[in-house]
């Protein structure tokens, strides 16, 4: 009796969770493309031997790599965002793309509130104040409370709903902006992003990245948010015109920003790093042990399900 060969998987680059790489290697014949001295030459010679690809939302997957894999059957990505993946190229060949939604909703929503509280109450800035030895010399200036304020959510999907749920504990009024009426909520929907920004004290971004949302938060939206308003971004850096945001923060045209994502990660503008009214974290909203393990499990489940049944547990929508 012969054993069927393991499917050959191309891992595009090192993954955020080393344990996932170990689990993949135990189940499949895995080769990491970024380990190859000449990735293009490697793909030209060996690309046809791979039936699966594993990548992540931060690493992405280019159309030319997909084109080099003549027998590619399935793609499994670690992450909820898929704007860095050439999904159109995959779907044009009938190749399903798996991702890891739902399992990171709570941690990303938690981070949205962590950033909101920090930028409003100066947690990180006042920590620096204490560490510099300034407390014996001066009192730390009072800042802004979060409870009871107006929260505007841009992109009322799974993560947006989790943010809205947390807002109830802070007795906040919540509204949202979506292209269509969101399912699973009766919260008020605003007709435009500009109208939501004018109403909100906090504008929280949980919308998907990509061309359709590129720089949707621009100078006009920031001016509508106003000098008492705060921007919180746990979505994608490309959703915000970063240059316009830096200018608005420097000039006090908005009160502050809490940012987990940036336009050109891992590069962050020096001007942002100089501002105490901006709280900056290195794209770690989903970076908890619990969530990363759940994401890794779903990457594996997507592959296992496809190779067993031809279907994915969590496919990227085709439309």
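Since every read-out is calculated from the coordinates, none of them should be taken as a lab result. Worth saying up front: this structure is predicted, and the values here are computed from it rather than measured. All Cβ positions, even for glycine, are placed from backbone atoms using ideal geometry, and neighbour counts span all protein chains on display.
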Problem - Three-way shape label, segment 1-150, alpha-carbon gyration tensor, a/c 1.5 - result: prolate
Completion exercise
Note: residue 192 to residue 130 extended length (0.36 nm per residue) minus current alpha-carbon separation gives 18.1 nm
Completion exercise
Binned at 10 Å starting from 0, the alpha-carbon pair-distance distribution of segment 105-280 in whole percents comes out as 10, 40, 36, 11, 2, 0
Practice task
Give, in nm to one decimal, the length gained when the segment between residue 289 and residue 308 is fully stretched (0.36 nm per residue of separation minus the Cα-Cα distance).
Solution key: 4.0 nm
Practice task
Order by neighbour count: 106, 297, 191, fewest other Cβ atoms within 10 Å first, most last.
Solution key: 191, 297, 106
Exercise for the section: Can you bin segment 166-243 into rounded, prolate or oblate? Criterion: square roots of the alpha carbon gyration tensor eigenvalues sorted a ≥ b ≥ c, rounded for a/c under 1.5, prolate for a/b above b/c, oblate for the rest. Expected result: oblate
Problem - Sorted peptide list for 119-129, 216-226, criterion being average Cβ within 10 angstrom, highest first - result: 216-226, 119-129
Problem - Relative contact order (%) - the chain, alpha-carbon pairs under 8 angstrom, separation at least six - result: 16
Exercise for the section: Indicate, rounded to the nearest 5 percent, the antiparallel portion of the DSSP beta bridges found entirely in the chain. Expected result: 5
Completion exercise
Gyration tensor (Cα only) of the chain to equivalent ellipsoid, semi-axes in Å sorted down, yields 40, 21, 18
Completion exercise
If each part is reduced to its alpha-carbon centroid, segment 224-265 and segment 296-319 end up apart, in Å, by 35
Practice task
Measure nothing but the geometry: give the 0 to 90° angle between the long axis through the Cα atoms of 289-309 and the longest principal axis through the Cα atoms of the chain, rounded to 10°.
Solution key: 30
Exercise for the section: Run through the DSSP bridge list for segment 105-280 and note the antiparallel percent, rounded to the nearest 5. Expected result: 5
Exercise for the section: Would you work out the relative contact order for segment 100-255, in percent, from Cα pairs under 8 angstrom that are 6 or more residues apart? Expected result: 21
Fill in the blank from the handout: Per-residue ellipticity at 222 nm attributable to helices in the chain (runs of n ≥ 4 DSSP H, -39500 (n - 2.57) apiece, nearest 500 deg cm²/dmol) works out to -10500 deg cm²/dmol
Completion exercise
Extension length gain for residue 48 and residue 208 (0.36 nm per residue less Cα distance), in nm, is 54.4 nm
Handout entry: Label point at residue 180 placed 7 Å out along Cα→Cβ; residues across segment 275-319 whose backbone nitrogen lies under 19 Å
Key = 315-319
Problem - Gyration tensor (alpha-carbon) shape descriptor, segment 1-44, a/c threshold 1.5 - result: oblate
